[in-house]
Amino acid sequence: MRGSLDILGLRFDELCEAVGAGPHQLKRLRAEYRRLMGGKMASDEGAARDPSVPDGDGPAGQPGGSWDLRAEPLPVVRRVEDGVVSKFIQRTADGLEIESVVVPMQRRGQAWKTLCVSSQVGCARGCAFCETAQLGLLRNLSVPEIIGQVVAARRLGEPIRNVVFMGMGEPFDNFDAVVRAVRVLTDPNGLSLKWDRVTISTVGRTEGIRRLAALGWRRLNLAVSLNAPNDEIRSRLMPVNRLEPMARLREALLAYPLRKCQFFMIEYVLIPGVNDAREHAAELVEYLRPLKSVVNVIPYNPRRDSPWPAPAEESVVRFLGWLQSAGQVCKRRLTKGRDLLAACGQLGNRELARGK
């Protein structure tokens, strides 16, 4: 192989094919691939280091091969923190910005970090409550740009365990790149994320849901941004509902092959005076009755120039109580990163849209 090869968008088997690696070279090549990608290392599992694998930053395969490999995520131009949540911004070659958020999580005495990645710069879906929608769609991200967010986070010292496609963009509007990125993320020879630690969130693109179902990825998690109990409210909040109403969305979800222990995550952004009344809770429960689902109630994080405020604490608790009393499994997403404009629905630099 001549020249330097950027491996960010490649699975290990694709890398082997690209460099023409022989069987005796696989061990060293795998070690270099993992090192460059920031994947599972010996220290992650408390195992001893393999003495046959060389240390250092030099090319792999010496002797036994001569590969000039690199994994070069886009440069991190800004990083902001509030002590809990960290948002970092990468600059693209065409002058755009990718925003990613590291969120610490804790449950049952265990703690880990989740990375919220973007699949697009901006978004074409136009949801009224979302800051990213105010940019419109500037462009799709490539596979290396998506994977580069994970690699950059790990190089910043963040021990990322879970990845959620809940950043800027609608993942199913960039379906092929997102699917390839998931394959790279879950490659056991590289970043080696477990399938059940990857979540794709959609506004309800039914074609994307059906295409994902056809892949047979039973352990992957699917989240749906619903945000309304009926078509009238949802069409006002989310233009996608005018083309793909809630009945059609539910049809696609009913056909999706969930495992026995798996549930759909139904994201419900609670907006004061819009979708937070008792009758809304009742309608939501009725709509979800045929589905295996957990409602994730997300207190609204106001975008810039928002027509709505954040909900009061008592209204959030009250809405959760109505769902629970009706038998709907639900939980609350704790508000993190609102002051950084890093919370759900707040990502995006509007100046980029003006520049374009």
Select from segment 86-122 the residues that are aliphatic (A, V, I, L, M) and buried (at least 20 other Cβ atoms within 10 Å of the Cβ) and write down the one among them that is farthest from residue 146 (Cα to Cα). 103
Given (1) more than 30 Å from residue 243 (Cα to Cα); (2) within 13 Å of the chain's Cα centre (by Cα); (3) not β-branched (Val, Ile, Thr), index of the condition residue 78 fails: (2)
Residue pairs meeting the criteria (Cβ under 7 Å; at least 6 apart or on separate chains; first touching a residue at least 60 places away in the same chain (Cβ under 8 Å), in segment 126-137; second part of a strand (DSSP E or B) and not polar (S, T, N, Q)): 129/269; 132/122; 135/122; 136/122
Filter the helices (runs of 4 or more DSSP H) completely within segment 275-356 down to those with at least 3 residues that are at pLDDT 95 or above and farther than 30 Å from residue 94 by Cα. 278-288, 313-325
Taking segment 173-212 and keeping only residues that are of a type in the set (Phe, Trp, Tyr) and closer than 14 Å to residue 143 by Cα, one is left with 175
Residue list for segment 175-205, restricted to those being among the hydroxyl-bearing types (Ser, Thr, Tyr) and either under 20 Å from residue 255 (Cα atoms) or in contact with a helix residue (DSSP H, G or I) (Cβ under 6 Å, 6 or more places away or on another chain) (or both): 186, 199, 201, 202
Let me spell it out: the conditions are (1) touching a Cys at 6+ places or on another chain (Cβ under 9 Å); (2) within 15 Å of residue 128 (Cα to Cα), and residue 294 meets all of them except one. Which number is the exception? (2)
Which one of 144, 159 is touching an Asp or Glu at 6+ places or on another chain (Cβ under 9 Å), on the phi < 0 side of the Ramachandran plot and modelled with pLDDT under 95? 159
What number of residues in segment 114-124 are assigned to a loop (DSSP other than H, G, I, E, B) and closer than 13 Å to residue 201 by Cα? 3
Test residue 103 against the stated conditions and say whether it is part of a strand (DSSP E or B) and modelled with pLDDT under 95. yes
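The values are calculated or read from the model by the stated rules, or taken from the named source; none is laboratory data. Quantities reported herein were computed from a predicted structural model and do not represent experimental measurements. All Cβ positions, even for glycine, are placed from backbone atoms using ideal geometry, and neighbour counts span all protein chains on display.
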